[in-house]
Each structure stands twice: as C-alpha cells, then as structure tokens.
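Read-outs: derived from the displayed coordinates by stated rules, not from any lab. These numbers come from a predicted model, not from an experiment. Reconstructed Cβ throughout: ideal geometry from the backbone, glycine too, with neighbour counts over all protein chains shown.
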Amino acid sequence: MNRLLPIFMKLENQPCIVVGGGKIAYQKIKQLLEGEADITVKSPAISEEIRSLPVTIQKTAYQKNDVDGYKLVIAATDDVNVNRQVYEDAQQYGIPVNVVDQPELCSFYMGSVFQDGDVKVAVSTNGKCPSFGKFIRDHIKNMSKGVWGKALEKLALQRVKIINSISSYSQKKQVMEKLVNSTKNKFIPKQVKRGKVFIVGAGPGDPELITVKGLQAIQNADVILHDALVHPHLVFEINPNAEKIFVGKREGKHSVSQATIQSLMIEAANQGKQVVRLKGGDPFIFGRGAEEAEALAKAGITFEVIAGVTAGIGAAAGFGIPLTSRNEAQSTTLITGHQCEKNGKHNWRALAELNSTLVFYMGVKNISEIVSGLIKNGKSSSTPLAIVQNGTMVSQQIFISTLENVEKELEGTNLKTPAVIIIGEVVNHHQRLQKYVTSIPADYVDPVGDFGFDIWKNEVVVA
Ligand SMILES: C[S@@+](CC[C@H](N)C(=O)[O-])C[C@H]1O[C@@H](n2cnc3c(N)ncnc32)[C@H](O)[C@@H]1O
C-alpha cells in the first residue's frame, strides 16, 4: 500500500542542496532546476556537466550539519556513511531528504514526471520500481499527444470568467466540471484503432503444412477471408469465433471481385480488426498477394505476409520428386499455364533450353500448348512429366508420363484439379522411390460432409 501523500512543492528561488557530484547527482539537479530552485552542489569531485549548470559549487566534503538552512536535501554519493549523515542531519532539522536508491533514508521521493505546459503528472511506485513509474509516465505522454497543455490554457481562460461571474464555490465547481466534460472530446486525442492484415499462405492442401506463424495469425484473427483451396480445418476449426468470409474464385468463376476482396480487408482493418487473408499455397506465388499488399499499402494499412508452402513444392515433395536434384536440374521454374494459348506468351525456346525443372500451375487445360511449345523448341520428347492432382490432400494422385505421350495417355482419364504439371528428369525419382516414400496428409474433417457444402467447389459461404 502506497501511503505517500502526493504534493507539488514550490521551490522557486528556494535554497536546496545536492550532496554528490557525479551522474546521479546531475540527474537530480536537472529535476530540481525545472522547479527553478537555488541549488548548491557539495562534493570534493564535481563533474564537468554539473559545472556547466546554473548552480553554486562547493568543492568540499560534506561536514556534519551542512544541511542547515536548506529547504530540501538530496544525497547522491557512493559513500554510505556520508549518505547516512546527510539523512540524520536533515531529519534533525526537519528538512525533506532523499538519499538516492536508499528508500529507508528518504522522507520524500521524486516521481516520474510528465509535463505538458502547466499540466504536470508525477507517478510514484513507492520507491519499489522507478522504471515502472517511467513506463506509466510514457503511457500518459502517449495519451496526451501534446494536447493537454493547450486544453488547460483554454480552460483556464474560461475559468477566470466563471470565477468572476459566479459567487458560490459549489456552483463554480459544478459549472467547471460541466465545461471540462463538454469539451473533453477536443482534448482527448481520438485513438484511431487501426487493425492489421496478415496475408497468410495456408499451404497447398494438407492443413498441417501451414507455418506456426500462420496458425497463430488465424488463432488471433477477428476476420478470416479465405480462398477456395484452403483446408476447412484451418478456416473453421482453429478459430471458431472469427468471422469467415469466403472470397474464393476458381476456374474463371469470379464469385467475389479482387477489388471487393481488397475493400473488405481494408474496411475490417479500419475498424481495428485483425484480419487474416488466407490464401492457398504461398500468397506471393500466382496468388494475387502482391496486388492485395499494394492495395493495403495504398490505404495506409499495416500488413504482414506469412509465407506458405507453394503447391508445386508441396506436391513434388509428397511424391518424392526433388525439384532441383543435383545433376538433373540447376533450377526450378514456376510457370503459369494460363497464358500458353497458341504457344503465344511464353518464351518457349528459353523454357525448352533451360536446365530447369518446369512446374506449371493452372496448366491442365492448356497441356497440349505446353507440350507442343516445349517439343517444337527443342525439349526432348521423352522428358518425364508428372501431373499431381490435389497435392498434399487426402485425395492426392500422381499421373506419370512423358512430353510425347501425355496427351494420348490422358485420353479418357478424369483429371481432377487443382493440379500442377512437373516436367523434367527429376520426375524419375518418383518411380525409384515410390515404394518407400509415404506422405500422409492430415485429414481432420471431411471437406464435404462436416460442413454441409463442398469447400473445394467454390460455394460462397459467409459464416
Ligand atoms: C491461383 S494458383 C495459386 C497458387 C498458390 N498461391 C500456391 O502458391 O500454391 C492455383 C493453382 O495452384 C495449383 N495448386 C493449388 N493447390 C494445389 C494442390 N493441392 N495440388 C496441385 N496443384 C495445386 C494449381 O495449379 C492451381 O490451379
């Protein structure tokens, strides 16, 4: 229990003594100078910085009763005997005394002080933890934002008029309280509660492939805007209380426009909410995460991008395909299969010549363009090719072929999407390893049964 009585002392031109000439003494002198006290500093050694201050210097050791005649005493020496002597003398003369860092030798403490104009707030921790006092002082400073000093000036002017026009003390008090209350909105700076958006990569399908950071963002979210290919366990089971907004689009069925997704995120963040934009795979790989980041920045919203396992890498790993295996591939190229119509937009020659594993996303519809674009430009027609469907999901499947045979072999098969096409010698690893490599996707919920709708089928759900 803090039994100290907070009082603000008038020390202007009053004689005060600081015993000690080092760093701590300097800090205390600075505080006393704010009260415009008339300060004497007594110590055999006095620092340069103290000598530059407007104080009287006595370069001598403290002698018994030297405090006589002063109104306030501070001891800041590293000699316990001197400190005790100062304390005892001050007590004898009835002078308030503070021996720095020795609460048992203090009759007063100097709190952590916040000042804005004539507003002054001092925080006491009863000598227990001055650093915590400073923390509270800074918090008060943040709340004031430099407004309270000016507010006080205005109120003071109005107070003079009120005092002159009303005679009764209680009436004056009432009117002043009313005035302060009615104008407080002007001097309490509006706390603009700004939210944050986490653009999170959910991974390719298996809900356990999300990062720990991504999972934490979901746990803390107020709103989750989710795509079609995100596992329902991540969307619905991790944080049942969060508002869920389905904003998925698949195969050209644009259920929610990109502009709408962006404004939903911005609106929620502006309401001070923690928003998770949960995207399949990695947000920045063919995911329009870049556009979303740009839109947030433009709207002045803070955001964080949390990487995810992209589908090509997840799908390949699950089937034991090392995308950059030494001797077979110097690199891996992630390519969109969207823009291959009529062998037009891609630089097929460069892709054919690269010693790189090629991973096509969104390419199943355009497989004949991909095959012909590569073979025509010199890629060996016997190059192995794998199509991984529903990679890392319970229903994952792999279809193995070569560039020259794939179209023929696909005839009559029912290829499921989402799928990635992996082209390169590294695909052969799958054949060699398949007996031993197992990948067991986590399956907490049935994406159709448990939710009453098929999450993979682009149904719009706002939960
Ligand atoms: C719009 S892109 C989004 C890619 C995502 N941002 C990523 O990093 O994986 C969608 C394409 O990713 C691929 N894809 C996504 N999930 C997949 C999965 N589980 N298995 C195979 N391919 C997948 C498909 O090619 C699909 O058409």
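Brief remarks follow.
- Boolean, Gly378 is buried (at least 20 other Cβ atoms within 10 Å of the Cβ), touching a residue at least 12 places away in the same chain (Cβ under 8 Å) and either within 17 Å of Val426 (Cβ to Cβ) or out of contact with any Cys (no Cβ under 6 Å at 6 or more places or on another chain) (or both): no
- Qualifying residue in the stretch 324-333 (condition: closer than 22 Å to Gly391 by Cβ, buried (at least 23 other Cβ atoms within 10 Å of the Cβ), more than 10 Å from the ligand (Cβ to nearest atom) and among the β-branched types (Val, Ile, Thr)): no
- So Glu153, is it in contact with a Phe, Trp or Tyr (Cβ under 8 Å, 6 or more places away or on another chain) and over 23 Å from Arg3 (Cα atoms): no
- Test: residue in the stretch 296-319 that is in contact (Cβ under 8 Å) with a residue 40 or more places away in the chain, among the aromatic types (Phe, Trp, Tyr) and in contact with a Lys or Arg (Cβ under 9 Å, 6 or more places away or on another chain): yes
- Test: residue in the stretch 354-361 that is in a loop (DSSP other than H, G, I, E, B), in contact with a Gly (Cβ under 7 Å, 6 or more places away or on another chain) and in contact (Cβ under 8 Å) with a residue 60 or more places away in the chain: no
- Residue list for the stretch 276-323, restricted to those being more than 12 Å from the ligand (Cβ to nearest atom), under 16 Å from Asn428 (Cα atoms) and surrounded by fewer than 22 Cβ atoms within 10 Å (Cβ to Cβ): Gly320, Pro322
- Unmet requirement for Gly412, which otherwise passes all of (1) touching a residue at least 24 places away in the same chain (Cβ under 8 Å); (2) on the phi > 0 side of the Ramachandran plot: (1)
- Residue match in the stretch 251-269 (condition: over 16 Å from the mean Cα position of the chain (by Cα) and closer than 15 Å to Gly205 by Cα): no
- Candidates are the residues of the stretch 114-135 that are among the hydroxyl-bearing types (Ser, Thr, Tyr) and either touching a residue at least 60 places away in the same chain (Cβ under 8 Å) or not in a helix (DSSP H, G or I) (or both); the one that is farthest from Lys10 (Cα to Cα) is Thr125.
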